[in-house]
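This report concerns only the one structure given below.
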Amino acid sequence: MKGKHLFSILFLLSINILVSQNTYDINFPGNDRDQKCQLCFQIFNQKPKEVKFSIKREKTNLYFEINDKNWFNLLFKNSGDGLAVDIVLKDRYACDITTMENTQIRGFLLKPVYSQALRSGLKPSGEGLFRVYLGKVPEGFLNDELEYNILFLSNKNLCQYYVIYDLESYAWDLLDMGMYLDSLTYHSKQIKSSEKEGFILKNKTLKFKIPFEKNKSEYSQDDIKPIYDSLRLTDYYIKTIKIKAYSSVEGRLDRNIELQEQRANSIVAALQTFQKPTIKTSVSSSENWVEFLNDIKGTPFESLSNLTKSQVKAKLVGQFSKDIESILKRHRKAVLELELEKKDKYLNMSSEELLAKFNTAISLEQLVEAKDLQNSIFEKLKNKELAPEFLQKMQIPKQATFAKILNKNSAFKYMLNVRQALIVYNELLELEKLVPKDGEVKYNIAAIKIKLWRFNAIEIDETQLKNQITALKNYGIHSSLITKMTVNFHIIKAENAMRKREYATKDKSVVYINGHYKDFPFSDYDYLSLAQFFSYYGNTDMSVELLENKARSIDIDEDLLFYYLNLTLINKEFTQDSDYRTILLNANNLNKERFCKLFNSIEQGGVTFQLLEDSFLRKTYCESCIN
């Protein structure tokens, strides 16, 4: 499902000094603010977390947009209840400005719009959305980078001041339950990349770490020997290599990058000697600031964490560099992830030969050879060397003897094309009659049934489905798989409840999901998918908790890290934590351009440039992004 955040908001700002400009008829309460804003505060406190609002710009026109008309009407009942827009320029945060004015109104204030005009002007604007016109961007600002803050007025008193931020969103889906073929087979979905989606049919993954000496790109043969041994002992070849190469933080950045690339290339060249097929390789490299800042905690070098990157590098020379070498040497390494694919002895056989050989093996009940041939056929289908209709030519009797092969064919058909889900579901129900105690068949039936429910393709009884999932434990299905399936059950239930605005029902399912996702492992795609789900339904704190440990690891997926930043950059409880710098430096190392873009205006693809109100973030931005 595409999960696009409508709007996101910062909390109320403190009352500060007013900038000298036209504030129209707005009153700015002082010590009597709680009294004058009592009703407004009550309405905001009662606001469901699912209610979201923002300012939308179309050419020069500015609109207030909201997804709940009832709450809007509750907020603007009295004649003096209204809205105003504060137009903020990014120039306010220029790095050469040493002292920034501490003002409540940060930019140019538009004339307020009050209750009567707001209620009469509110019109539908897309599915579940409503909007009302608030004013125009002044002509003199049209070439500037702008953002639009919202003033909520109660009896013409400023009671709430909101800064909008844009939380980057991704597609989210159910957690990958996989399908049983020979074993459980998962989709290999990549974050933000539907074109590369496939599935792991008969592969396995090996991970290794290879250390390097200072200023050298050669590795020890003893360190790479486990890789050689693993490859010699398997019937697999290397399909892809992902290498993340890290240098220690001392020295020139350009030299460090050069060393990392040499290290990665030397490893690839060595592994390519094991096989003729060219290994598909992806390499990323960075200085290892994450482990550096983590490892100096509690040591005599801990004070380095308060310095800028350039100041740290200036320190790491001469005798000081020798003194800290015991720490730095741990940071020079390459992390390898090898995706292996089983060697296919039928690789060069034509489709006609494969089909004839498979049908012969079935007729002779040579099940082991039939499975190997079936896998070879699947591989060709996956690579689009064969058309999906090829599966129909495979002559498999509807007998219990061939249940595993029938199950694989049906499950693969579904994985190849999800639009076949209902057909495959009915095929598996018929197969279940032949093997009523086969757990793998029952698992596949439940997995597809959950998908069909989500797409509203079949009517389901929720209680019956939940019992069906729970009963899988009686057929040898691991409890972690059953829990993951139950989490998916509640994801769908939450989505359905949200559409009906049954917030309490939705919250019960979210609580279950949050309480059980730790009971099973999942992929980076699943991590991001679940984090997006939590955030979309107003539970940002759950998203942060889900990702916070991964955010502090050096090998985190880039999209996961940047999503975590989107969730936390607007919260000073995080940005004032000294450990947060480690996360920021990690993001800057992974993708500097993307990191700096976070501080653009929303219209320029950023979170908000008003993050730069935070002195720590402004210092980090000016150090890293303004050169």
With the crude spin-label approximation of a point 7 Å out along Cα→Cβ, what separation in nm comes out for E261 versus S183?
3.8
Taking the Cα centre of the chain as origin and charging only Cβ (+1 Lys, Arg; -1 Asp, Glu), how large is the dipole, in debye to the nearest 20?
720
Linear extension gain, N61 paired with T483, 0.36 nm per residue minus alpha-carbon span:
147.0 nm
Mean Cβ neighbour count within 10 Å, used as a protection proxy, ranking 463-470, 488-495 highest first:
488-495, 463-470
Rg and Dmax of the range 380-573, Cα atoms, in Å?
19.5, 65
Of the residues A587, L39, H331, the Cα lying farthest along the dipole of the chain towards its positive end, which is defined by charges on the beta carbon of Lys, Arg, Asp and Glu, belongs to L39
How far apart, in nanometres, would the label points at D323 and K384 be if each is projected 7 angstrom from Cα along the Cα-to-Cβ direction?
6.1
Report the full-extension gain for the segment N549 to K47: residue separation times 0.36 nm, less the Cα-Cα distance, to one decimal in nm.
177.6 nm
Could you tell me the calculated FRET efficiency between L347 and T401, based on Cβ-Cβ distance and R0 = 30 angstrom, to the nearest 0.05?
0.60
Net lengthening on full extension, D32/K111 (0.36 nm per residue, minus Cα-Cα):
26.0 nm
Against the 2.2 N^0.38 Å scaling, with N counting residues, where does the range 8-165 land? I'd like the Cα-based Rg ratio to two decimal places.
1.03
Of S509, T575, F141, whose Cα points farthest to the positive end of the dipole of the chain (charges on the beta-carbon: +1 Lys, Arg; -1 Asp, Glu; origin at the Cα centre)?
S509
The pairs in K333/K382; K239/K413; K59/K592; K276/K380; K408/K518 lying past 28 Å Cα-Cα in this model are K333/K382; K59/K592; K408/K518
Do any of K56/K451; K371/K506; K36/K597; K343/K398 go past 32 Å between their Cα atoms, and which?
K56/K451; K371/K506; K36/K597
Counting only helical runs of four or more DSSP H residues, what would the 222 nm mean residue ellipticity of the chain come to if each run contributes -39,500 (n - 2.57) and the total is spread over all its residues?
-13000 deg cm²/dmol
Per the charge dipole of the chain (beta-carbon charges, Lys/Arg positive, Asp/Glu negative, Cα centre), the residue among A403, Y236, Y563 reaching farthest to the positive end is A403
If we count every other residue with Cβ under 12 angstrom of P48's Cβ, Lys/Arg +1 and Asp/Glu -1, where does the sum land?
+1
Dividing the mean separation of Cα pairs under 8 Å (6+ apart) by the residue count of the chain yields a relative contact order in percent of 15
Using just the C-alpha positions of the range 239-387 as equal point scatterers, what log10 of I(q)/I(0) does the Debye formula give at each q in 0.20 1/Å?
-1.15
Which whole-number percent gives the relative contact order of the range 411-492, counting Cα pairs below 8 Å spaced six or more residues apart?
26
Note down the magnitude of the dipole of the range 195-342 about its Cα centre, charges +1 on Lys and Arg C-beta and -1 on Asp and Glu C-beta and zero elsewhere, to the nearest 20 debye.
140
Cα point-scatterer Debye curve for the chain, base-10 log of I(q)/I(0) at q = 0.07, 0.08, 0.09 Å⁻¹
-0.60, -0.76, -0.93
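Laboratory data are not the source of any read-out in this text; all were calculated from the coordinates shown. Computed from a predicted model, the values in this text were never measured in an experiment. Methodologically, a virtual Cβ is constructed for each residue, glycine included, from the backbone with ideal geometry; neighbour enumeration extends over all protein chains shown.
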